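Here's the structure we're looking at; comments come further down.
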Amino acid sequence: MRAAVIVLPGSNCDVDAYHVLREVVGLETDYVWHQEGDLSRYDLLVIPGGFSYGDYLRAGAIAKFSPAIQEAARAAAQGRLVLGICNGFQVLLETGLLPGAMRSNESMLFRCRFVHLRVENTDIPFTHEYKTGAVLRIPVAHGEGNYYADAETLQELQEHGQVVFRYVDETGAPTAAANPNGSLANIAGICNREGNVLGMMPHPERCAETILGSQDGRRVFTSALAWWRNKGVIGRG
Amino acid sequence: MAERWENVGLTAEEYDRIITILGREPNDLELGLYGLMWSEHCSYKHSKIHLALFPSAGEAVLQGPGENAGVLDIGNGLGLAFRLESHNHPSAIEPYQGAATGIGGIVRDIFTMGARPIALLDSLRFGTLDEPRNRYLCSGVVSGISGYGNCLGLPTVGGEVYFDSCYRGNPLVNVLCLGLVPKDRIVRGQATGVGNPVFIVGARTGRDGIHGASLLASREFDESAEEMRPAVQVGDPFMEKLLIEACLELFETDFVVGMNDLGAAGLTSACSETAGRAGSGMELDVALVPRREEGMNPYEVMLSESQERMLVIVRQGCEDQVRQIFEKWGLEAAQIGRVTDDGLLRVRENGRLVAEVPAASLSDQAPVYDRPRRRPDYLDETSAFDIDQIPVPEEYESWLQRLLQSPNLASKEWIFGQFDYMVRTNTIVYPGGDAAVLRIKGSERGVAVSTDGNARYCYLDPHLGGAIAVAEAARNVVCTGARPAGITNCLNFGSPERPDVLWQFRQVIEGMSEACRALGTPVTGGNVSFYNETSGQAIHPTPVVGMVGLLDDISKRCTAGFKGAGDVVVLLGSNRPELGGSEYLVQRTGQVTGRPPRLDLDLERAVQETCLAGISAGLIRSAHDCAEGGLAVALAECCFLSSTDDLAPPQLPGRTPAVGVQVSLRSEMRPDALLFGESQSRILVTVKEEDVPQLEEIARSNGAPCTVLGMTGGERLMITGGPAGQQLIDLLVTELWQSWQSALEKLLGE
């Protein structure tokens, strides 16, 4: 499996995603400059966190015109894996690869802290190594992570198991107090209908080693690798 | 009518000196260049002779004072570049942009050295939060740091915040940046090689920030300060991020000869300093400088402090490759001149000569002053203060509660939670404890870093206060298991033209130097901010020390919180009846008075060595510096940060403290001094019961007092003590924690 970390002007979690993919999970990984127009050699494309184009206009809005992001859309259509983290999630929403939109946090403040997530769907390439309902400890760091979708879209997301992660408390309950940004239905991460495109606000790459206080995020990457090794079949056990 | 020199802030004698240097009268532009470069902010003319006292030599020092940042050898072929700088005056006028551009400036100082910036810390001071203006300044500064630092992708991993009425109208914003550079690839701010092209890269030049250095930073504040808002620069963190990446990509090549950021005094400073350091000259044409507005004259171009710009001197023949690298990042790179060998800074406009002065005369030949110093009279009164005038309180629990909710001691999570302190995934001890620790990927090593400076102690005894600032910063670093390696500093004072302020300045430097020598931590650089006054009232003398330390094995790092129940709590160091300058005394009397706690540097070293040896031997499970608020507050903090999981980050939201503590303090001294006194050289540690004898042996061999105080466990903070051994404190930890945790948010969060 070969992974690419797309570097947009203003990306800043590119080094963190690269470190986890290459040093922790052991994947062949390249940085790919956003001007590159052919990413057909990659099985996994990661759009990392940061402030692409300074988040000017709207978070993620300008990045969608980059050739590499348009390549990500092609990869998604071909069933290859696309993961957008934080600003990468915002980019996926702006490109329309995932439905909905992001608003400023309810507090109107950037917040960096550990939160708890519940894994709602373990039948996709990125999460099949987690147990359904598992509660993860994982950091968020954003000012615009307040997910919104209209009622119809939300219903579709829920019906098709596209809500992958929700903010919960330590016991796994999706309470208002456990929601760090005001997201609709405590949504922290969603996937497309096929499950090969995942967007999430929390940072799995920041909690993939014990020295960082948690390695609960590691399985997002190892799940993807196992799925690929298993030739696209969700393995159990 | 004002004399010519007065218009640029110089004296008649300084003007005569310029005539002697040039052998003629300067033209208006030339006079403007001198006015700027000989301002206090750029020339350090009032501080230079005093700063020379700092011990700056050391085996590990790769670069000492005089460059854009100091560099320490940290092993594995790496240098650690670090510097601390103030942005006080701009932040007083426009807090968001003032703080944001403060970050931009210090980050440029670091990558100018060829270093990849890896982290930021902020040392902040504001007036008390009961005044709306101070709340506005505090929120604005925090937003500015958040907006700029987060966008750069640099973790803000620590710092400190204090509130005192002396900072009313004149907040302090000091920012520290750290960076890593391969030892053999340190870049210097030197313009060498005759004929080498000089580029300006990054943002375009506009009229913003003209006179920032000379007007804003080199005079005190009065009612007209608001009118200087246009002199505050405006920051663009996205541009800075591109500039960092482009410059670091350029450093991978061998095209670069020298580099300097365009900060205070813009092109004037960057050109004269790079040529001055190298002993060369430089010729440039202002017409070639890309502009963001039309009709700028040479004076405006040379003085502009537009942000996110760098001066780069490259090898002749590499011009096209250099341009290509900046083009990739969407940045402009314009050749504006070349290096010469005649020692002159020659400025042209479309070929026409508009200024010609010796480069080194701007950067290095400003007059140096040894102005009068005098001990201030108030010290007679404050040092005569007698604690026995203050009755012992009836009970202590409400005082502990009150202290824990005071903005100076309450949790700072509302502030640091707005900063991304994890990005780059190197932060392995998070903010909220004694010092932050960053791992160096690809090695077992780590860097610990802390900022510290108690200005109340400096106000009451500047020599002692200066020494304590260094000792406490070192102690903070030691609590993580790191050995202190060196310091940088920022000295924030009132007007140096006042003898009492200059006396304080000198005393602080002497005290800091003494402690640096005793603790083996050289001073690798620093920054001075004078004229921190509002309407004639100077701030407390406020030195801020940025201390870095090294950990050989990050798996042995230590944190402040207790690690579960059943550990023995031990005090390294000893308690003395010292309440002078304490937070408790301020809360009780509303006054900053008394004598600050004593500092015995031999004892300090003994305590620090014991702590380091205990951590390195794997005995010490938690270590926390005993500082403002005294022993009772330190014990409470160890409970607040406690966990049963060694690796858990200490500030998980909604996470309640894991454990309480029960201690007994046998002492004859008055209980409030015992609980809340701020005696120096004390570290609270915990060990397993069976390891107590071994720790005692280490302490004995180092000559450090070592006292078993009690044991962790239960849900309460229980302290007995005093002459009668009575119950002083018995409170539920979670209740104390809730008020400590939410106090700042209640004041600032609306």
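Any read-out appearing in this document is the output of simple, stated calculations on the displayed coordinates, not a laboratory observation. Every value quoted in this text rests on a predicted model; they were computed, and no experiment measured them. Heads up, the Cβs are rebuilt from the backbone with ideal geometry, glycines too, and the neighbour counts pull from every protein chain shown.
Rounded to the nearest 20 debye, the dipole magnitude of the stretch A:21-66 is 240 debye, with +1 charges on Lys and Arg beta carbons, -1 on Asp and Glu beta carbons, and the Cα centre as origin.
Mean partner shielding of peptide A:202-210, defined as the number of other chain Cβ atoms within 10 Å of each residue Cβ, is 2.
Using C-alpha pairs under 8 Å with a sequence gap of at least 6, the mean separation divided by the residue count of chain B gives a relative contact order of 15 percent.
Between B:GLN537 and B:GLU668, the modelled labels are 4.2 nm apart [label points 7 Å from Cα along Cα→Cβ]. The calculated Kirkwood hydrodynamic radius for the stretch B:1-141 is 18.6 Å, given to one decimal from all distinct C-alpha pairs.
Direction-averaged projected area, Cα convex hull, the stretch B:101-143: 3.5 nm², rounded to one decimal.
Ordered from longest to shortest, the equivalent ellipsoid semi-axes for the stretch B:151-196 are 37, 18, 10 Å, each the square root of 5 times a Cα gyration tensor eigenvalue.
For A:GLU156 and A:SER40, a Förster radius of 35 Å and the Cβ-Cβ distance give a FRET efficiency of 0.70, rounded to the nearest 0.05. Counts of other chain beta carbons within 10 angstrom of each beta carbon in peptide A:104-112 average 5.
If packing is taken as the mean number of other Cβ atoms within 10 Å per residue, what is the order of B:615-628, B:345-358, highest first?
Going by the mean number of other Cβ atoms within 10 Å, highest first, we get B:615-628, B:345-358.
Dipole magnitude of the stretch B:677-739 about its Cα centre, charges +1 at Lys/Arg Cβ and -1 at Asp/Glu Cβ only, in debye to the nearest 20?
Rounded to the nearest 20 debye, it is 160 debye.
Put +1 on the Cβ of each Lys and Arg and -1 on the Cβ of each Asp and Glu in the protein assembly as shown; which of B:LEU120, B:ILE440, B:LEU409 then has its Cα farthest toward the positive end of the dipole? Checked the options; the winner is B:ILE440. Only one residue of B:ILE698, B:THR712, B:GLY677 has its Cα farthest out toward the positive end of the dipole of the stretch B:662-750, where Lys and Arg carry +1 and Asp and Glu -1 on Cβ, and that residue is B:GLY677. Remark: mean inter-chain Cβ contacts per residue of A:163-170 equal 1, using a 10 Å Cβ-Cβ cutoff to other protein chain atoms. Among A:55-65, B:293-303, A:216-226, the peptide with the highest mean count of other Cβ atoms within 10 Å heads the list, and the full ranking is A:216-226, A:55-65, B:293-303.
Size descriptor for the protein assembly as shown, Kirkwood hydrodynamic radius: 29.3 Å (Cα pairs only, one decimal). Overall shape: prolate for the stretch B:422-517, with the ratio a/c of the largest to smallest alpha carbon gyration tensor axis at 1.5 or above and a/b above b/c.
For the stretch A:2-229, the Cβ-based charge dipole about the Cα centre amounts to some 220 debye (Lys, Arg positive; Asp, Glu negative; other atoms uncharged). When restricted to Cα atoms, the stretch B:44-111 yields an Rg and a Dmax of 14.9, 44 Å, respectively. Here the relative contact order of the stretch A:153-222, from alpha carbon pairs under 8 Å that lie six or more residues apart, stands at 21 percent. Seen from all directions on average, the stretch A:1-63 presents a Cα convex hull projection of 4.0 nm².
With the convex hull constructed from alpha-carbon coordinates only, the stretch A:4-111 shows a mean projected area of 6.8 nm² over all directions. Of the residues A:ALA59, B:GLY279, A:LEU39, the one whose Cα sits farthest towards the positive end of the charge dipole of the protein assembly as shown is A:LEU39 (charges of +1 on Lys and Arg Cβ, -1 on Asp and Glu Cβ, taken about the Cα centre). Translational diffusion of the stretch A:2-229 was estimated from the Stokes-Einstein equation, with Rh taken as the Kirkwood radius over Cα pairs; at 37 °C and 0.692 mPa s the coefficient is 193 µm²/s.
Using the rule -39500 (n - 2.57) for each DSSP H run of four or more residues, divided by the residues of the protein assembly as shown, the 222 nm mean residue ellipticity is -9000 deg cm²/dmol. Taking K and R as +1 and D and E as -1, what net charge do the other residues with C-beta under 10 Å from the C-beta of B:SER529 add up to? Here the charged neighbours net out to -2.
Each principal axis of the Cα atoms in the stretch B:443-585 has its own extent, and those three values, largest first, are 54, 38, 26 angstrom.
Derived from the Cα gyration tensor, the three semi-axes of the equivalent ellipsoid of chain B are 46, 28, 22 Å, largest first. Based on alpha-carbon atoms only, what is the radius of gyration of the stretch B:600-750 relative to the globular estimate 2.2 N^0.38 Å? The stretch B:600-750 yields a ratio of 1.09. Taken over the alpha carbons of the stretch B:670-750 as equal point scatterers, the Debye sum produces base-10 log I(q)/I(0) values at 0.11, 0.16, 0.27 Å⁻¹ of -0.47, -0.90, -1.26. When Rg and the Kirkwood radius Rh are both evaluated on Cα atoms of the stretch A:46-158, their ratio Rg/Rh stands at 0.96.
Looking at the stretch B:279-335, the trypsin sites (Lys or Arg not before Pro) that sit in a DSSP loop and have at most 13 other Cβ atoms within 10 Å of their own Cβ are B:ARG292.
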